[in-house]
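Read the structure below first, then the notes.
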Amino acid sequence: MKNKVSSATMQLVWGARASRLQFPASGRKHCWARTILHCLIQHANRGTPGRDADGSNRDGRAPHLPLNRTALGHHTPIKNAILAAALSVAITSVRAADGPPKPLYPGAAPVCSCESLTNVSLPNTTIDSAAIDPSDGSCRVTASVTHPPSGDRVKIFTGLPVKNWNGRFRGNGGGGFSGGSAGSLRGPVTQGYASGATDTGHEGGSGSFALDANRRLNWQSIVDNAYLGIHEMTVVGQALTESFYGKPPRYSYFVGGSTGGRQGLMEAQRYPDDYDGIVSACPAINWHRFVPASLWPQVVMNAAKNFVPKSKLDAATAAAVAACDASDGVTDGVIDNPLRCGYDPKSLVGTKVGDDTFTEADADVIRKIWEGPRGTGRTFMWHGLERGADVFAYAATGGSPLTGRPFSISMDYFKYYLVQDPKWDWTTMTPAGFELLWKQSVEQYGAVLGTDDPDLTRFRDHGGKVILYHGLADQLIPAAGTIDYYKRVQQRMGGAKKTAQFARLFLVPGVDHGFRGAGATPTGQMDAIIRWVEEGRAPEKMLAERKDSNGKVTRTRPLFPYPQIAKYKGSGSTDDAGNFVSRPLAR
Ligand SMILES: [Ca+2]
């Protein structure tokens, strides 16, 4: 909340409150007196650029995205399950290694009852309920925000610890097309955070909200999901926090992976005063490019009339790992720098994979998947999956004979956002048609969903800090897109050193979209961002851990800020982070 309103406005507000608004002289204090203050703050915040009256976005900036369970039903049950699980792990991994942070206001206690928060008044906002959650004793508030004249309804969930509030607000992100859920509040609230989440205007993980009943684009829903919902959640959540404790959160943090990672960077780009610290894991930025690009493997297989079975895809991935594993100095099943691995699957041609034989046509499909989509004249469209990542996530097949099972989020995006036909048959699309729709996506949704604006000046000047991290075997969002974005931030923000003063990217070898795999999983991100924001201690490295099935740590590795990467020094245990040093990542 700090720095959100000018000091003059603040003085006016506090002055008004002191002179005209009084808490009841006896009994439990009520929250209504805080309401006026928050109305004014809300109005100040709503001035943030972003949306015209018709709901369209014209300011050239970008906001948010998602990856979650989707409603492709029979098309993609397996991938949906993988994705949902991966996202849950990704987000959990942000929490797991961190203990509760130290309280900023020791002894802080509510100044009013939980139930009285229903009296808080905010513009275009209805407080639907406020009650103690019996399972954890926290105060849970559900609110709805609308944007007249639209009849949209963005649901906002806020959790407020009755005891041991640590003085901070934490916003939590969603996954896939899901903006978020109340379920994400439990962990942060237990650690003493006032915490918020939102459905960004629709329930579930389908992208169908983008179309109305007449198959026209529902721009209000698109914009709510893209960026408005998260901002509203932040404004309402911070206001409720101040109402409940009688003081605003001293610091605010946003944490999310995948779509949540995009939501965090969207906040930094579009609403730079909302948060002091952002943890952005495997962010689904570049949405307008990477989401349509994720259909490319199916387009390739469909055009070649060669749907490659999972066994052959896995064989190619294993062969690539075998070929490039040792080049980083440690044979551990991990390609530390897949950007340098040029393994060609031609060496597999003629070999047996189960009862099948790997063919030149199979090799050609896999080459094109790794290369990524290319247009007319082989022009670059987007990055492919890195060697070592699970190719099946994009190139899933099933049935007999084999047919394609496109990635559900990509499929929804094509059907609802691009083609505007829920019954669209993707198999009728040629590579040329794919290129046209990809270009449409870039032009139509770049400023809305792309979240690739490298200008973080306002966020930096606000004092904001952001930690990004991305698995180098991510099977759903190629890390190369995040590297591209970070390099663009460096160029825009005055170079590598100046950028590192407020934004750092950590690449994580050998882990997927859920930060699982042969590599080690990052830990301590929340502690790191708090230290950076509150103590000015920038993260020089982070620790990644690999655990066995009993939870025992069997390997540690350091992670260094891009463009540095950990390199084995040549002696000592390769399972001990102490035996690795920082070296520049080569491309
Ligand atoms: Ca290796």
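All of the numbers you see were taken from the coordinates with simple rules; none came from a lab. Please read these numbers as outputs of a predicted model, since none were measured by experiment. Positions of Cβ are generated from backbone atoms using ideal geometry, with glycine treated the same way; all protein chains shown enter the neighbour counts.
List of remarks:
- Verdict on Asn337 being within 14 Å of the ligand (Cβ to nearest atom) and under 27 Å from the mean Cα position of the chain (by Cα): yes
- Within the stretch 408-512, helices (runs of 4 or more DSSP H) holding 2 or more residues that are closer than 30 Å to Val533 by Cα and small (Gly, Ala, Ser): 479-492, 496-500
- Any hit, the stretch 390-404, residues being away from the ligand (no atom under 16 Å from the Cβ), under 31 Å from the mean Cα position of the chain (by Cα), under 30 Å from Gly176 (Cβ atoms) and polar (S, T, N, Q): yes
- Selection count where residues are surrounded by fewer than 20 Cβ atoms within 10 Å (Cβ to Cβ) and assigned to a loop (DSSP other than H, G, I, E, B), scope the stretch 397-407: 4
- Residues that are closer than 10 Å to Gly388 by Cβ and more than 6 Å from the ligand (Cβ to nearest atom) were ranked within the stretch 324-334; the one that is surrounded by the fewest Cβ atoms within 10 Å (Cβ to Cβ) is Gly333.
- Tabulated pairs, the stretch 321-339, first over 23 Å from Ile483 (Cα atoms) and without any contact (Cβ under 8 Å) to a residue 60 or more places away in the chain, second within 7 Å of the ligand (Cβ to nearest atom) and not aromatic (Phe, Trp, Tyr), C-beta under 6 angstrom, 6+ apart or interchain: Thr331/Asp325
- Options Ala213, Ala281: the member that is more than 22 Å from the chain's Cα centre (by Cα) and not basic (Lys, Arg): Ala213
- Yes/no for Gly204 being crowded, with 23+ Cβ neighbours inside 10 Å and either part of a helix (DSSP H, G or I) or in contact (Cβ under 8 Å) with a residue 40 or more places away in the chain (or both): no
- Per-region count, the stretch 534-571, residues closer than 18 Å to Asp336 by Cα, in a loop (DSSP other than H, G, I, E, B) and either out of contact with any Asp or Glu (no Cβ under 8 Å at 6 or more places or on another chain) or aliphatic (A, V, I, L, M) (or both): 6
- Among the residues of the stretch 408-431, those identified as under 17 Å from Pro297 (Cα atoms) and surrounded by 22 or more Cβ atoms within 10 Å (Cβ to Cβ) are Ser408, Ile409, Ser410, Met411, Asp412, Tyr413, Phe414.
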